[in-house]
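These notes concern the structure reproduced below.
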Amino acid sequence: MAPSSARTYRSTDNGGIGGFVSIFPAGLVVCGIAFLIAPFRWGTSPAIGVPVALIFFAAAYGLWRLSRRLRQASLTVSSTDGVTIVNAGRRRDLKWDQVLRFRPGTVAAASAFRGEIPVVVADLSDGTSVAIDALKVDHGRFAADKDHARVEQLCKQIEWYRPKPVRA
């Protein structure tokens, strides 16, 4: 359970790429079922149908998990515990001394006709940077200035949770 001084930022991309990817598992399951019943219907060999069906089912499960992770991307910031970044591929629990700063950055868009998308980037003490999927701000090509301003505002909000040094 998160302490009361924590805030969770969730992805605003509820129907975007995560919703798009979630369409495909159902089709793969249907194809897998078709390969399972093919030996009974058309007399083909089960030695081919069953492994192919298993491949379709595994691909459907993998895409379902990916779409779920894309829709559940988040950033939890706590003044005592640090930062938890949940991206599509990985979850990172970081202490405040591992995070140097949060800064505005850009990532490539999913569309070839769209330019770079503003995003909050965490610079880590080991020299790597992590783009936070939950804090992509994309309101279209014509709102790019507002998007960059929103990302800067988010960086300031997150830095506010960083523990202040105690003066003696």
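Gain on full extension, evaluated as 0.36 nm per residue between VAL30 and TRP96 minus their Cα-Cα distance, stands at 19.1 nm.
If you wrap the tightest convex hull around every Cα atom of segment 81-122 and split its volume per residue, you get 67 Å³. Remark: the chain carries 64 Å² of accessible area per residue (probe radius 1.4 Å; ligands, DNA and RNA excluded). Solvent-accessible area of ARG7, all protein chains in place: 100 Å² (probe radius 1.4 Å, heavy atoms, ligands and nucleic acids excluded).
In straight-distance terms, cross-link reach from LYS164 covers every one of the lysines whose alpha-carbon lies under 17 Å from its own, apart from those fewer than eight places away in the same chain; here that gives LYS95, LYS156. Model label sites at ALA109 and SER79, defined 7 Å from Cα along the beta-carbon direction, differ in position by 3.9 nm.
Remark: C-alpha extents of segment 15-64 on the principal axes read 42, 16, 8 Å, sorted largest to smallest. The slack in the chain from LEU124 to TRP160, taken as 0.36 nm per residue of separation less the alpha-carbon distance, amounts to 11.2 nm. Helical runs (DSSP H, four residues minimum) scored at -39500 (n - 2.57) apiece and divided by the length of the chain put the mean residue ellipticity at 222 nm at -13500 deg cm²/dmol. Working value for the chain: equivalent-ellipsoid semi-axes of 42, 20, 12 Å, each the square root of 5 times a Cα gyration tensor eigenvalue, largest first. Of the solvent-accessible surface of segment 33-153, computed with a 1.4 Å probe and all protein chains present, 59% belongs to carbon and sulfur. Taking every Cα-Cα distance in segment 20-95 and sorting them into 10 Å bins starting at zero, the pair-distance distribution P(r) comes out as 19, 30, 20, 16, 10, 4, 1 percent. Using only Cα atoms and rounding to the nearest 10 degrees, what angle (0 to 90) does helix 24-42 make with the longest principal axis of the chain? Tilt relative to the chain: about 10 degrees. If you run the Gaussian network model on the chain, springs between alpha carbon atoms under 10 Å, then out of ALA38, ALA134, ALA26 the most flexible one is ALA38.
The values are calculated or read from the model by the stated rules, or taken from the named source; none is laboratory data. Note that the structure is a prediction, hence the values are computed from the model and not measured. For neighbour counting, all protein chains shown are included, and Cβ atoms are generated from backbone atoms with ideal geometry for every residue, glycine included. Areas reflect the complete protein model, heavy atoms only, side chains present, ligands, DNA and RNA absent. Shrake-Rupley method; radii C 1.70, N 1.55, O 1.52, S 1.80 Å.
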